[in-house]
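> This is the structure, below, for whatever I ask next.
The values are calculated or read from the model by the stated rules, or taken from the named source; none is laboratory data. Since we're looking at a predicted model, the values are computed, not measured. When we count neighbours, we look across all protein chains shown, and the Cβ atoms used for this are built from the backbone with ideal geometry, even at glycine. What goes into the accessible areas is simple: the full protein's heavy atoms, side chains included, and nothing from ligands, DNA or RNA. Shrake-Rupley method; radii C 1.70, N 1.55, O 1.52, S 1.80 Å.
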Amino acid sequence: MPGFRKRKDHELDALSDEELVEYICAARDCGEVEAMREGIQILAYRHYDNVRRRVRLRLSKRPTSDVDVVIDLVIHGAMGAAFRGSSLGEFRSLLSTILERRVADFLRSAKADSWLVPIAEEVEDFVAGPVATGPDGSVYVLQGDAVARWRNGEMTVLAPRFDGASDIAVDGRGAVYVADTGNGRVHRIDPNGSVRTLVGTEAERGCVGDGLDDPLALDPSRCTAVKALAVDRAGNVYMALKNLAMIVGLTPDGELRTVAGTGPKGFGDGDGRADGARLGVVDDLTIGPDGDLYVSEGRRVRRIAGPAGMLASDPPDPQGAEAGPACAEIAALSAAAAGDGDALEDALNALADAAPEDLRDDVDRIVEGATDRQAAELGIRAAMKPGRTIGRYAEAECGLVAGFDVPVDEAKEFCVAFARYLDKGDLVEAGEEPPPALEDVVAAAPPFLADAGRRALRDLDRARGRAVPDADAARMLAGIEAMGSVASSMCPVG
């Protein structure tokens, strides 16, 4: 590329993130590999604080030493990554993909006590990813952001590069489906090599990293981040959404419908229909020989019988159930732990008085462990988890979302807004202008968080452009941290 000039370190430091991406692309296009690498390394390190927050959120129960290890793996992985995009949003999507994979690798290694290794070490620059098999015995591998086919000892790349791709599936004809997560698209690669976009047909490249994921639209033309997928014999594509605890299905006619999950995280089966059940964080999907859909979510696998039939029928109107005893007290305690600290002790005592017999032991443990506010908050959050006794009761008997009295539709709006804030990567710092995505989070926040969020925005706005002492910064950001804590309980964030 005529006119390219390799810049010195201090010149690179003075560039904005967008200008740095332009420099990286220019260096790449003219073959200046060293200059490109230097630019990527600087850009990756600028995102260190964002990565640190997100890894801490995902590994909140792990020791700090483990969190630091994963942070280093993510940053060094980004520094050495082959960036083939052309925008800051695409770089953020690449970074998010690396983060998701390194966290997943760590969690798997923590259970198996060993790190996974690439399945084809002899192939230069091979990056291990999801694997699927074709009807002719071929093995398809998501190699970084490309799909590769392993057959007869040879690996060949089948399609153009994607952006933050996270999963693949193969149908009975040998067509390969790709969750092009960072671009908010799903593609099908036919056996003849042609590529057709099925979801996100009008989505801009890097739309997820630009904070434009729109899973609530259920519109195949819109930007829709998908993290896992499967395809059945009839050509129906089942997709686990990245930013909602939901599985949607795309028919061969192009209609997008909900198959399972209501949006916020949960545990229960609801009325027995999959679209009324609550899902956890979905890791993987596969179709069984009987056509049933198998869903891997954390510590369990669930079976959805006859998912194709759900795509052909309208969901029933939701039926409200009469709330059981102590539901109001559970919701008040959750809200107090997340926001109003002055009400925490009263709310805890009220639940202790109102709790039914099968919850009393768990409530007593919270009370006994509440030696201070922090200990009380931790105990309450742990008790409200979907798999715990109080958490299951709150969901099944009260219809609460992660223990909070928030309508499901409002919870979905909040989850999507918070996910866009994280995906965009412009996380707030005291002394800087609050990013617009954060204002959207506050606007969508549940009522018990909204006042604290608005107060935080006002304080941050007043502090723009000046140095803020750590103690003042912590106070300013308390409302934002509370929203992050609620989002981690309610949504599949991170």
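> Can you pull out the cysteines in the chain that have no other Cys Cβ under 4.7 Å?
C25, C30
> Could you tell me the accessible area of F448 in Å² (1.4 Å probe, neighbours in place), rounded to the nearest ten?
Rounded to the nearest 10, that gives 60 Å².
> Additional query: Pairs of lysine in the chain with Cα under 19 Å and at least 8 positions apart or on different chains: total?
Lysine pair count for the chain: 14.
> Can you list residues whose amide H is under 5 Å from V401's amide H, if they're 5+ apart or on another chain and H is modeled 1.01 Å from N?
Those qualifying (amide H under 5 Å, at least 5 residues apart or on another chain) are V406.
> What length, rounded to one decimal in nm, is gained on full extension from R388 through to R464, with 0.36 nm per residue of separation minus their alpha-carbon distance?
Gain in length upon complete extension: 23.1 nm.
> Still on this structure, please answer the following. Which residues does the label zone of V157 cover in region 132-146, counting backbone N under 13 Å from a point 7 Å along Cα→Cβ?
Under cut-off, by backbone N: 143-146.
> Using a/c under 1.5 as the rounded threshold, could you call region 416-479 rounded, prolate or oblate? The axes a ≥ b ≥ c are square roots of the C-alpha gyration tensor eigenvalues, and prolate needs a/b larger than b/c, oblate otherwise.
The shape class here is oblate.
> Moving on to the next point. At 0.36 nm per residue, and after removing the present C-alpha to C-alpha distance, how many nm does the segment from V408 to D361 gain when stretched out fully?
Length difference between fully extended and current span is 14.0 nm.
> Averaging sequence separations of C-alpha pairs under 8 Å and six or more residues apart, then dividing by the length of region 197-318, give the relative contact order as a whole percent.
Rounded, it is 16 percent for region 197-318.
> Give the Debye-formula value of log10 I(q)/I(0) at each listed q (0.11, 0.17, 0.20 Å⁻¹), with one equal scatterer per alpha carbon of region 367-474, two decimals each.
-0.48, -0.98, -1.11
> If you don't mind, another one. Please tell me the relative contact order of region 367-494 in percent, rounded to the nearest whole number, where contacts are Cα pairs under 8 Å and at least six residues apart.
Across region 367-494, relative contact order equals 22 percent.
> So, with a 1.4 angstrom probe, what is the percent of accessible area on the chain that is carbon and sulfur?
47 percent
> Using θ = phi - 60° and the Karplus relation 6.51 cos²θ - 1.76 cosθ + 1.60, list the HN-Hα couplings for region 211-225 in order, rounded to whole Hz, with x at every Gly or Pro.
Using θ = phi - 60°, the values come out as x, 10, 4, 10, x, 6, 5, 6, 10, x, 7, 8, 4, 9, 7 Hz.
> Please quote Rg/Rh for the chain to two decimal places, taking the Kirkwood radius as Rh and restricting both calculations to Cα atoms.
Rg divided by Rh gives 0.98.
> Please report the relative contact order for the chain, taking Cα pairs under 8 Å with a sequence separation of at least 6, and give it as a percent rounded to a whole number.
Dividing the mean separation by the residue count of the chain yields 10 percent.
> Counting Lys and Arg as +1 and Asp and Glu as -1, each charge on the Cβ, what is the dipole of region 425-494 about the Cα centre in debye, to the nearest 20?
Value, rounded to 20: 220 debye.
> Rounded, prolate or oblate, given the Cα gyration tensor of region 139-197, with a/c below 1.5 counting as rounded?
Oblate, since a/c reaches 1.5 and b/c is not below a/b.
> Quick check: Cα centre of region 332-372 to Cα centre of region 421-483, how many Å?
Between the Cα centre of region 332-372 and that of region 421-483, the gap is 28 Å.
> Follow-up question, since we're still on this one. Would you work out which of H10, M490, L88 lies farthest towards the positive end of the dipole of the chain, given +1 charges on the beta-carbon of Lys and Arg and -1 on that of Asp and Glu, about the Cα centre?
H10
> Additional query: What figure, in Å² to the nearest 10, do you get for the accessible area of C30 with a 1.4 Å probe and non-protein molecules left out?
Accessible area, nearest 10 Å²: 40 Å².
> With n ≥ 4 as the cut-off for DSSP H runs, can you work out [θ] at 222 nm for the chain, using -39500 (n - 2.57) per run divided by the number of residues, rounded to the nearest 500?
Using -39500 (n - 2.57) per qualifying helix, the result is -13500 deg cm²/dmol.
> Starting at the first residue of region 48-56, write each ³J(HN,Hα) from the Karplus equation 6.51 cos²θ - 1.76 cosθ + 1.60 with θ = phi - 60°, in whole Hz, x for Gly and Pro.
4, 5, 4, 4, 4, 4, 5, 5, 4
> Right, another one. What residues have an amide H closer than 5 Å to that of G164, excluding those fewer than 5 places away on the same chain, when H is modeled at 1.01 Å from N in the peptide plane?
For G164, whose amide H was placed from the backbone, the distant partners under 5 Å are G182.
> According to the square roots a ≥ b ≥ c of the eigenvalues of the Cα gyration tensor, what is the shape class of region 364-428, taking rounded for a/c under 1.5, prolate for a/b larger than b/c otherwise, and oblate for the remainder?
Note, shape of region 364-428 comes out oblate.
> Hey, what do the phi angles of region 92-105 turn into as Karplus ³J(HN,Hα) couplings, whole Hz, using 6.51/-1.76/1.60 and θ = phi - 60°, x for Gly and Pro?
Working through the residues one at a time gives 5, 5, 4, 4, 4, 5, 4, 4, 4, 6, 5, 5, 4, 4 Hz.
> Over the heavy atoms of K412, what accessible area does a 1.4 Å probe trace out, to the nearest 10 Å²?
Approximately 40 Å² of K412 is accessible to the 1.4 Å probe.
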